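Engineer: If you scroll down you'll find the structure; I have some questions about it.
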Amino acid sequence: MSTTTAAVPVEVHDVTVAYHRKPVLWDVDLTVPEGKLVGIVGPNGAGKSTLIKAMLGLVPLASGKVEFYGKPYAQQRHLVGYVPQRESVDWDFPVTALDVVMMGTYGRLGWFRRPGAAERLVAEQCLEKVGMSEFATRQIRQLSGGQQQRVFLARALAQDAKIYFMDEPFAGVDATTEKAIVELLQALREDGKTVLVVHHDLQTVSNYFDHVILLNMRLVAAGPTETTFTPENLNKTFGGRLTILDEAAEAVRLGDRR
Amino acid sequence: MTYLTLIVLLGTTLLGATAGVLGSFAVLRRRALMGDLLSHAALPGLCLAFLVMGGRHFLGMLLGALATGLAGVGLIILVCRWTRTKEDAALGIVLSTFFGAGIVLSSIIQNQPDGGSKAGLESYIFGQAAGMIQRDVWLIGIVAAAALLLVALLYKEFKLFSFDPGFAEVQGWPTLLLDIVMMGSLAVVTVIGLPAVGVVLMAAMFIIPGASARFWTNRLGLMLVLSGVFGALTGILGTLLSAGALQQWTGIDPLAFGQTDKNLPAGPLIVLSGTAIFLVSMFFAPSRGILARLIGDLRFRLATAGENLLRTIYELNESKLPRSEAVALDDVLLRRAWSRRWARLLVAWAARKGFLSSEPQGPRLTEAGITRAAQLVRAHRLWEMFLIRGIHVAPDHVDRDADSIEHRLTPELLEHLEADLTSPAGEIPRSPHAEPEEEPRV
């Protein structure tokens, strides 16, 4: 499996992640194919969000490494767009939808430089792509949950990335937003982008994604949706909540507790 | 106004403005109490510097205060990381421990044969703005300029980091460094503010202007400017009150300014001026203020109830359509749990809008009233039918639900409902309550 070629958007080597020394992800080995919509699927507490946070360096790795087109993340940040979970920020913050989308361009701007007319134009176009132009000057609290989610998507678009990471973008959104996200995902695929989406609705997996990563504290299976999203694999992912791994992790945590 | 007063005024104004601007970020990041910790934890540093230097050494005491203040912050981070103590508890523990240590140390200094009166350390606890001299104001001026320049340069970075630190990290910003720069500048301003405002009240200088400014605007840039202005204003007001304006009420001689034991202390008056600004903001700010929200709520309640009145009158008159006859207010009250006074108010509201005309027998729908009422009745009944047929709610439960929703259904949604329920477009369906035997079958 050591095919570290330049055409692999994300390669995960033997990654283990632990919170307070309790392992939440064990020995994940993964190769994400280019230009595909990839769903990350698994039960609650399976470590789906943790996996993408580990890939992006937001949580420390206990062991292993992650490479983006053959190089560590620190050298490839400009290739990555990120949509965090909606609940991760304070929506009462005094900024407008357009302000938030413009934050996507900050990475390119570098230190001290203020966003100008060019960045503003980019942000307006990105808001347009998610059907939010008319809400550009709204304070973000005055948007519905689905609209807030679309603002986050527009911000990721403004990053102009090659690989996108989205943490539960479909969680608690209205039908309009769901449709907008699906159209956006397809447009991104047509442009040859790679998109990883943490997803929890099993019903829609086959419709939305080309490729799935089935996760439950360890990698259960990964591959094209037709061959991987099978009842047998789903059973392995969702069946038997208290696996041996669960118990082992609990033992590590208790051993650590003084 | 004396030269001395002018010096103090300049100092407190600059201090207030700087603390206001930096404090805004702390307020937005829910780190408001960090200022409190920094100032309390600075006290032992002041005392230690006094002991080590063997006297009141200006720069030494500033550095000492800064060192223990930041040590306090570091300790909280360590306690939270290595034990299961929560952040608020850790903050309380560290704050009181450092403050306690500071009090003990200052007592030791007071009890020294020669140290006591010279040290004047107790002034750091409650502050003594009137003791400010030209050199202090220079220092405050330099720190203020540096801090404001920092915020101007790093505005974009601070904005992003305060709103979404995770996203900032993914974009490659050194979030730990940004945090240290923010906290560090807060610490520096705290330490130079201590002699004037004191350990106990310094936190208010950070929190109150920012919290007040948030009421007036939804833009970060404007909030920072307002917060700076509010901070400066509290400095000016507090100092003036302390320096003389109060003497007319209290009989204290304004010329005795500088002999501070005869003046009211500036620190507490600065904080109280801030409270006044906060109260005004809280009550009277447009849209976020309490008054504006109460008025908005009342308007909404009035419009909702007024529309329900139109619908009730329409239904009472429905059999006589297209003729519009006056309806007795008593008949309306039988159908609505309204007091007579509230119903009269609603009639007045609808009459002012041109929906009703007052007749001797009671209110009568005008042309415009019938049109508006028909729209409302259509929305109400469509929603009721949707509840009964679409999601199987019991017919006797649907009326109240529809009451609150009918005012907000958009035209598109109504057309959608009509299509779903195969109800003729634009027509008013029969009421599901009208004749029980003809209730729609599910």
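Engineer: Averaged over every viewing direction, what's the projected area of the C-alpha convex hull for chain A? Give it in nm², one decimal, please.
Structural biologist: 15.3 nm²
Engineer: Could you check what % of the DSSP bridge pairs in the protein assembly as shown are antiparallel, to the nearest 5?
Structural biologist: Counting only bridges with both partners in the protein assembly as shown, antiparallel ones make up about 55 percent.
Engineer: Also, quick follow-up: Relative to the longest principal Cα axis of chain A, at what angle does helix A:145-158 sit, 0 to 90 degrees, rounded to 10?
Structural biologist: 80 degrees
Engineer: I want to verify the translational diffusion coefficient of segment B:1-119 in µm²/s; compute it with Stokes-Einstein, Rh as the Kirkwood radius over Cα pairs, at 4 °C and 1.567 mPa s. Show your work: numbers first, answer last.
Structural biologist: Numbers: Rh = 16.0 Å.
Estimated diffusion coefficient is 81 µm²/s.
Engineer: Taking 10 °C and 1.306 mPa s as the conditions, I'd like the Stokes-Einstein D for segment B:294-420 in µm²/s, using the Kirkwood hydrodynamic radius from alpha carbon pairs.
Structural biologist: In µm²/s, the coefficient rounds to 104.
Engineer: Total accessible area buried between chains B and A, 1.4 Å probe, in Å² to the nearest 100?
Structural biologist: Buried area (both sides, nearest 100 Å²): 3000 Å².
Engineer: Can you work out the PRE-style zone for B:Arg301? Point 7 Å along Cα to Cβ, and I want the residues of segment B:349-363 with backbone N under 19 Å.
Structural biologist: Answer for segment B:349-363: B:349-350.
Engineer: Give me the 1.4 Å probe accessible area per residue for chain A, excluding ligands and nucleic acids, in Å². Don't jump to the answer; show the numbers that get you there.
Structural biologist: Details: 11530 Å² over 258 residues.
Spelled out: the 1.4 Å probe surface of chain A, per residue, equals 45 Å².
Engineer: Next up: Multiply the residue separation of B:Leu176 and B:Glu415 by 0.36 nm, subtract the distance between their alpha-carbon atoms, and state the gained length in nm to one decimal.
Structural biologist: Gain on extension, B:Leu176 to B:Glu415, equals 80.7 nm.
Engineer: Same structure again: B:Lys320: which aspartates and glutamates have alpha carbons under 15 Å from its alpha carbon, excluding same-chain residues fewer than 8 sequence positions away?
Structural biologist: Within the straight-line limit of under 15 Å, B:Lys320 reaches these aspartates and glutamates: B:Glu367.
Engineer: What's the angle, to the nearest 10 degrees (0 to 90), between helix B:175-197's Cα axis and the longest principal axis of chain B?
Structural biologist: The answer is roughly 70 degrees.
Engineer: May I pose another question? Take B:Ser431 and A:Arg21, extend 7 Å from each Cα along the Cα→Cβ direction, and tell me the distance between the two endpoints in nm.
Structural biologist: About 7.1 nm, to one decimal.
Engineer: Okay, moving on. Among all the lysines, which ones have a C-alpha under 29 Å from A:Lys53's C-alpha, if same-chain residues fewer than 8 places away are not counted?
Structural biologist: A:Lys22, A:Lys36, A:Lys65, A:Lys71, A:Lys129, A:Lys162, A:Lys179, A:Lys193, A:Lys236, B:Lys86, B:Lys156, B:Lys159
Engineer: Specify the residue with the greatest mean-square fluctuation among B:Ile125, B:Ile192, B:Ile388, computed from a Gaussian network of chain B linking alpha-carbon atoms under 10 Å apart.
Structural biologist: Per the Cα network of chain B with a 10 Å cutoff, B:Ile388 tops the list.
Engineer: Kindly state, to the nearest 0.05, the FRET efficiency for B:Arg323 paired with A:Ser144, given R0 = 35 Å and r defined as their beta-carbon distance.
Structural biologist: Once rounded, the FRET efficiency stands at 0.20.
Engineer: Taking the simple approach of a point 7 Å from Cα along Cα-to-Cβ for both A:Asp191 and B:Thr83, what is their distance in nm?
Structural biologist: With each label placed 7 Å out from Cα toward Cβ, I get 5.1 nm.
Engineer: Between B:Leu43, B:Leu33, B:Leu417, where does the largest GNM mean-square fluctuation fall for chain B, given springs only between Cα atoms within less than 10 Å?
Structural biologist: Per the Cα network of chain B with a 10 Å cutoff, B:Leu417 tops the list.
Engineer: Can you tell me the length gained on complete extension of the stretch B:Arg219 to B:Arg408, counting 0.36 nm per residue apart and subtracting the Cα distance?
Structural biologist: Gain on stretching B:Arg219 to B:Arg408: 65.2 nm.
Engineer: I've got another one for you. Which whole-Hz ³J(HN,Hα) couplings does segment A:166-174 yield from phi under the Karplus relation 6.51 cos²θ - 1.76 cosθ + 1.60, θ = phi - 60°, glycine and proline marked x?
Structural biologist: 10, 9, 6, x, 8, 5, x, 9, 6
Engineer: Still on this model: Where both partners of a DSSP beta bridge lie in chain A, what percent of those bridges are antiparallel, to the nearest 5?
Structural biologist: Counting only bridges with both partners in chain A, antiparallel ones make up about 50 percent.
Engineer: Go through B:Ala26, A:Leu214, A:Val38 and say which Cα lies farthest out towards the positive end of the charge dipole of the protein assembly as shown; charges sit on Cβ, +1 for Lys and Arg, -1 for Asp and Glu.
Structural biologist: Comparing the listed Cα positions along the dipole, B:Ala26 ranks first.
Engineer: Just to confirm the number: angle between the C-alpha axis of helix B:58-82 and the first principal axis of chain B, 0 to 90 degrees, nearest 10?
Structural biologist: 50 degrees
Engineer: Where does the protein assembly as shown land on Rg(C-alpha)/(2.2 N^0.38 Å)?
Structural biologist: Here the Cα radius of gyration is 1.23 times the empirical estimate.
Engineer: Using unit Cβ charges (K, R positive; D, E negative) and no other charged atoms, how large, in debye to the nearest 20, is the dipole of the protein assembly as shown about its Cα centre?
Structural biologist: 1840 debye
Engineer: If I model a spin label at A:Lys236 and A:Ala74 as a point 7 Å from the Cα along the Cα→Cβ vector, what separation in nanometres do I get?
Structural biologist: 3.6 nm
Engineer: Given Cα positions, please report Rg to Rh for chain B, the hydrodynamic radius being the Kirkwood one. Before the final figure, lay out each step's value.
Structural biologist: Numbers: Rg = 32.7 Å, Rh = 26.8 Å.
Result: Rg/Rh = 1.22.
Engineer: Per DSSP H run of at least 4 residues, take -39500 (n - 2.57); add these up for the protein assembly as shown, divide by its residues and hand me the 222 nm value, nearest 500 deg cm²/dmol.
Structural biologist: Rounded to the nearest 500, it is -18500 deg cm²/dmol.
Engineer: Can you tell me which of B:Leu160, B:Leu382, B:Leu105 moves the most in a GNM of chain B? Springs connect C-alpha atoms under 10 Å apart.
Structural biologist: Evaluated over chain B, the most mobile residue of the options is B:Leu382.
The values are calculated or read from the model by the stated rules, or taken from the named source; none is laboratory data. These numbers come from a predicted model, not from an experiment. Glycine gets a Cβ as well: all are built from the backbone with ideal geometry, and neighbour counts include every protein chain shown. Accessible surface areas use protein heavy atoms only, side chains included; no ligands, DNA or RNA. Shrake-Rupley method; radii C 1.70, N 1.55, O 1.52, S 1.80 Å.
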